[in-house]
Amino acid sequence: MTAIDKIGSAFLRRILLRMKQLGVSQTELARRMNVSRPYVTKVLSRDVNFSFRTAAKLANALKMDFFPELRERETGDAAAVDQTPVTAKLRKMV
């Protein structure tokens, strides 16, 4: 499994968990996203690649924030890597 596959799987696990928490069906999710139910089914079963736009629509429909986080790779020297989440850094800048 590639890094991209792992990211997609983790994202979709969180989406499915949130759907369960809110009691949202695929039909309801499609309605909230203004897309077809078959498309939602394809996205959730990983039968189609989806864009950041679709990821954001999924998150928004489930009352979640979508903000991809980029961070430096760990080099083995924990002191050399700033581990402050990007969102926290952005908040400090505003």
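Bear in mind that the values in this text are calculations on the coordinates, not laboratory data. Keep in mind that this is a model prediction, so the values were computed, not measured. So basically every Cβ, Gly included, is an ideal-geometry build from the backbone, and we count neighbours across all protein chains shown.
Starting from segment 28-42, keep only residues that are surrounded by 15 or more Cβ atoms within 10 Å (Cβ to Cβ), then list their pairs with residues that are of a type in the set (D, E) whose Cβ atoms are within a distance under 8 Å, requiring at least 6 positions of separation or different chains.
Hits for this filter: T41/D47.
Name the residue that is nearest to E28 (Cα to Cα), counting only residues in segment 58-77 that are of a type in the set (A, V, I, L, M) and free of Cβ contacts under 8 Å to residues at least 40 places away in the same chain. Don't jump to the end; show me each part of the working.
Our first condition is that a residue be of a type in the set (A, V, I, L, M); within segment 58-77, this holds for 58-59, 61-62, 64, 70.
Filter once more, keeping what is free of Cβ contacts under 8 Å to residues at least 40 places away in the same chain: 61, 70.
Details: A61: 9, L70: 31 Å.
Among residues in segment 58-77 that are of a type in the set (A, V, I, L, M) and free of Cβ contacts under 8 Å to residues at least 40 places away in the same chain, the one nearest to E28 (Cα to Cα) is A61.
Of all residues in segment 44-76, which are under 17 Å from A10 (Cα atoms), surrounded by fewer than 14 Cβ atoms within 10 Å (Cβ to Cβ) and over 11 Å from the mean Cα position of the chain (by Cα)?
Of everything in segment 44-76, those that are under 17 Å from A10 (Cα atoms), surrounded by fewer than 14 Cβ atoms within 10 Å (Cβ to Cβ) and over 11 Å from the mean Cα position of the chain (by Cα) turn out to be S45, R46, D47, V48, N49, L70, R71.
Could you please give the count of residues in segment 23-43 that are under 18 Å from the mean Cα position of the chain (by Cα), farther than 19 Å from P68 by Cβ and either of a type in the set (D, E) or part of a helix (DSSP H, G or I) (or both)?
Counting residues in segment 23-43 that are under 18 Å from the mean Cα position of the chain (by Cα), farther than 19 Å from P68 by Cβ and either of a type in the set (D, E) or part of a helix (DSSP H, G or I) (or both) gives 8.
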